[in-house]
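In what follows, a single structure is set out as structure tokens and then discussed.
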């Protein structure tokens, strides 16, 4: 699940000596609103169609433009999750991938990263989702798994995030292999765990939009 595995070879980089007219033509052809810009093999930043429309001069070169997000990159050996983090921090739809010598390798789109990430955390698998709230000092995946397995269920994947309603606690999101969650929820609560939400999935996911929706729900964004 390293970033280089998901480089999109259909998105070419622009050179800083290219004219903005060329950049806009490529965007229209590829159907994107942003493209990476490189210079001598090194990532320089991104150019958006919005910036091009602002200058309104197709003969300007990209080196005369203010490129955005020069830090919008990950090293090629980083996990695909890092792509999502960098994309979110910079609010861009693609992230550049570079090697340890800072040489540009390509870009990963958010859509490709989401697809890879959802596959890795079993979002597509039939089952249910439980969200627990607890103090970090009370968190033990071993103990939680033991309780869940006593109800003949398995944890397919788990995710920890901060609780926006209480910064002293964490939320533990669990994807289980069972759609019937009532008895599992009751057993967890009997052992003192607070279940703050649950989702039951019974239908297969057939579209990218549903895939993204399930990811956001799993991460509780």
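The values are calculated or read from the model by the stated rules, or taken from the named source; none is laboratory data. Bear in mind that the values here come from a model prediction, so they are computed numbers and not experimental data. Note that we place each Cβ from the backbone using ideal geometry, even for glycine, and neighbour counts take in every protein chain shown.
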Discussion item. Need the failing condition index for residue 87 against (1) touching a strand residue (DSSP E or B) at 6+ places or on another chain (Cβ under 7 Å); (2) surrounded by fewer than 20 Cβ atoms within 10 Å (Cβ to Cβ), just the number.
Written reply: (2)
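Checking the structure you have, find out if any residue of the stretch 68-75 is surrounded by fewer than 15 Cβ atoms within 10 Å (Cβ to Cβ), in contact with a strand residue (DSSP E or B) (Cβ under 6 Å, 6 or more places away or on another chain) and assigned by TED's automatic domain parsing to the domain that holds residue 21. Outline the logic, then answer.
Here is the first cut: in the stretch 68-75, the residues surrounded by fewer than 15 Cβ atoms within 10 Å (Cβ to Cβ) are 70-71.
Narrowing the set further to residues that are in contact with a strand residue (DSSP E or B) (Cβ under 6 Å, 6 or more places away or on another chain) leaves 70.
From what's left, assigned by TED's automatic domain parsing to the domain that holds residue 21: 70.
Yes, because at least one residue in the stretch 68-75 is surrounded by fewer than 15 Cβ atoms within 10 Å (Cβ to Cβ), in contact with a strand residue (DSSP E or B) (Cβ under 6 Å, 6 or more places away or on another chain) and assigned by TED's automatic domain parsing to the domain that holds residue 21.
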Response to the item:
Just one listed residue, out of 207, 161, is touching a strand residue (DSSP E or B) at 6+ places or on another chain (Cβ under 6 Å) and at pLDDT below 90, and it is 161
Item to complete: Return yes when residue 176 is closer than 15 Å to residue 126 by Cβ and modelled with pLDDT of 85 or more and no when it is not.
Response: yes
